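Notes follow the structure.
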Amino acid sequence: MPTTAITAPRARTAPEPILMAPMLSVAGVMLSAMSSFYLLLSAIPAHASAIGGTGGAGAATGALMAATIVGEIAAPHVTNRVGRKGALALALGLLGLACFTAFPASLALLLLNCAVRGLALGVLLVAASGLSAQMAPPSRRAEAMSIYGVASAVPAIVAVPLGPWVLTNLAAPGTAVCAAALAFAALAATAVLPSERKIGTHEAHCFPPLAVAIWPAISLGCGAVLVGATVTFLPLAHPEATSGTITLGLLLQGLGAPVSRWLSARHVDRHGTRLPMLAGLAACVVAAIGLAATGEAEVLSGMLLSGIAFGVLQTATLAELLARAAPSQVDGASALWNGAYDAGLGLGGFAFGGLATAIGFSTASVATAGVFTLVALLHLATTRGGREC
């Protein structure tokens, strides 16, 4: 009698779990640490203005971000000395102590305090990112890293609006104590982090070569420039918009980034980074053009799309850097990624402001979209036929 061949279905390999204690521990540390940072980020400018005028507020934020970039660059050297967990604990301890003196009576002391907190933040971000990359399953690294990213982003949504409210109701001493308590809670939580895996003793933590880092850094910088420009100048660029529209637009942007970072991670793990990076750059172009127009719908759509673009670019660029970096270059790759993030935010506020002063906000937005288009086309041309990570 005729027989029918039956092929047994191929067993599917279960995906490696990512919601495990190590990743959740790092996420908890970052949630508490970044809540401390963002609480003071929005509270200190009011104090700086009171003791140093309008320029004092700008100088305080500038000192903070400049020192953060220095701390990120120095972080691999700190890691070489004390390891990632040691660097994380050192940064959190310094951050917590600095919170107690975050509201001095002298502008010079305030700028010094901002510089200390910025250095601590830079080391913190690189050390925590390196630990997360080490603990993440290789096949789901982007998804695992997005947990770290969301934990770092949520405080920006919650703690930034709370900062001025806490300062008004608890005054400077109470605000300083709250921020310090959050930093020291994060420091205590580092005790439950698992032991880190050591690299070979002959391999010091170092930076990846320029060829590896250039396009992820530039692409992430584009998203950061757009966000920095809109956060800084949205009310000035759209005087026709109501305060409610401005607030809602900033909220949509703030929510769009972590949500899109999480949702894009699975595609990156399964299909690589090239398409998400190009899609993120394209979304930056459309968002910038939309924000050049007037009208409530255009403003809200542009802000939401700018947040989505930034989130996708965060996932894709970090995955690209980590995939191409050697084990000894992971902390250096994280430092470059965080540096591009912070430099882009600062450049978005500084350079866009100068451009808008010269040619107007709408024209500056269109010109910025043109720069993003050029970056996307160059990235497309240089990666065509290249391998996916």
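Counting only residues that are open to solvent by 50 Å² or more (accessible area, probe 1.4 Å) and under 12 Å from CYS222 (Cα atoms), how many does the stretch 346-359 have? Qualifying residue count, the stretch 346-359: 1.
Of all residues in the stretch 103-122, those that are in a loop (DSSP other than H, G, I, E, B) have Cβ atoms under 8 Å from Cβ atoms of residues that are open to solvent by 30 Å² or more (accessible area, probe 1.4 Å) and among the β-branched types (Val, Ile, Thr), 6 or more apart or on another chain, in ALA105/ILE51; SER106/ILE51. Residues in the stretch 235-261 that are surrounded by 18 or more Cβ atoms within 10 Å (Cβ to Cβ) and more than 18 Å from THR294 (Cα to Cα): GLY254, GLY256, ALA257, PRO258, SER260, ARG261. Looking across the stretch 74-93, the residues that are under 15 Å from GLY118 (Cβ atoms) and under 20 Å from the mean Cα position of the chain (by Cα) come down to ALA74, ALA75, ALA91, LEU92. Considering each of THR363, THR368, THR315 in turn, give the residue that is assigned to a helix (DSSP H, G or I), over 19 Å from the mean Cα position of the chain (by Cα) and surrounded by 24 or more Cβ atoms within 10 Å (Cβ to Cβ). The conditions single out THR368.
Look through ALA257, ALA282, ALA213, ALA287 and report the one residue that is small (Gly, Ala, Ser), modelled with pLDDT under 85, within 21 Å of the chain's Cα centre (by Cα) and part of a helix (DSSP H, G or I). The conditions single out ALA213.
Evaluating ALA325 against the criteria (1) of a type in the set (A, V, I, L, M, F, W, C); (2) open to solvent by less than 40 Å² (accessible area, probe 1.4 Å); (3) under 25 Å from GLY254 (Cβ atoms) leaves one unmet condition, (3). Give the residues of the stretch 49-66 that are in contact (Cβ under 8 Å) with a residue 12 or more places away in the chain, under 12 Å from PRO104 (Cα atoms) and open to solvent by 50 Å² or more (accessible area, probe 1.4 Å), sorted by residue number. If the condition is that a residue be in contact (Cβ under 8 Å) with a residue 12 or more places away in the chain, under 12 Å from PRO104 (Cα atoms) and open to solvent by 50 Å² or more (accessible area, probe 1.4 Å), then ILE51 is the only one that fits. Cβ-Cβ distances below 6 Å connect the following pairs, each with a first residue in the stretch 129-148 that is more than 17 Å from SER328 (Cα to Cα), a second residue that is assigned to a helix (DSSP H, G or I) and among the basic types (Lys, Arg), and a separation of six or more residues or different chains: GLU143/ARG266; SER146/ARG261. In the set GLY71, GLY83, GLY93, only one residue is among the small types (Gly, Ala, Ser) and at positive phi; that residue is GLY83.
The values are calculated or read from the model by the stated rules, or taken from the named source; none is laboratory data. If you're wondering where the values come from, they're calculated on a predicted model, not measured in any experiment. Neighbour counts run over all protein chains shown; Cβ positions are idealised from the backbone, glycine included. These area figures cover heavy atoms from the full protein model, side chains too; ligands, DNA and RNA do not enter into them. Shrake-Rupley method; radii C 1.70, N 1.55, O 1.52, S 1.80 Å.
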